[in-house]
1. What figure in square angstrom, to the nearest 10, would you give for the accessible area of Thr100 with a 1.4 Å probe?
2. At a threshold of 8 angstrom on Cα-Cα distance, excluding pairs fewer than six apart, so keeping six or more, what relative contact order does region 16-60 reach in percent?
3. Among Ile92, Ile31, Ile51, what's the order by accessible area (1.4 angstrom probe), most exposed first?
4. Using the heavy atoms of the protein chains and a 1.4 angstrom probe, tell me the accessible area per residue for the chain in square angstrom.
5. Taking all protein chains in place and a 1.4 Å probe, what share, in percent, of the accessible surface of the chain do carbon and sulfur account for?
6. If I take every Cα pair under 8 Å that is 6 or more residues apart in region 10-111, average their sequence separation and divide by the length, what percent do I get for the relative contact order?
7. Could you state the per residue volume, in Å³, of the convex hull enclosing the Cα atoms of region 59-116?
8. Given +1 on the Cβ of Lys and Arg, -1 on the Cβ of Asp and Glu, and no further charges, what dipole in debye does region 1-120 carry about its Cα centre, rounded to the nearest 20?
Amino acid sequence: MTSSPSTIPVLDLGGLLLVSIQGELPDESAIALQEDVTTAVANTGSRGLIIDISTLDMVDSFLARVLAEVAASSLLLAARTVLVGMRPAVAITLVELGLTLPGMDTARTVTEAAASFGVTIERTGRDAP
């Protein structure tokens, strides 16, 4: 019995799309993510895509290539991609492997990425100052 790739939600934040990768991503799921994100960018006409990888301990060459292809596809659809939450170990590994993420900007947090699109995210509820 073959299991289907897990679906990663693509959240529409009104002009921006947010994808948060939670945990390791098998190759089949990475390919499904690429298709889902590209379709969402095309269908929503979003001007930006934020990909949060803050929970990933490792990004291998395959996932790096998929992320670069997502950014390239999004750019062709007039959406800029910002990668957020990269851990130092992930950055070091990518550099050691000679991998780059062309067509993609980076930011430390989702809030910083949103700000690069002119969108302010404010805290509400119990955590608000």
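The values are calculated or read from the model by the stated rules, or taken from the named source; none is laboratory data. Note that the structure is predicted; figures quoted are calculated from it, not measured. Positions of Cβ are backbone-derived with ideal geometry, glycine not excepted, and every protein chain shown enters the neighbour counts. For accessibility, only protein heavy atoms count, side chains too; no ligands or nucleic acids. Shrake-Rupley method; radii C 1.70, N 1.55, O 1.52, S 1.80 Å.
1. 100
2. Numbers: 36 pairs, mean separation 31.3, N = 45.
Normalised by residue count, the contact order of region 16-60 is 70 percent.
3. Ile92, Ile31, Ile51
4. 58
5. Exposed carbon and sulfur together represent 56 percent of the surface.
6. Details: 168 pairs, mean separation 29.5, N = 102.
After rounding, I find 29 percent.
7. Once divided by residue count, the hull of region 59-116 is 67 Å³.
8. The dipole of region 1-120 has a size of about 380 debye.
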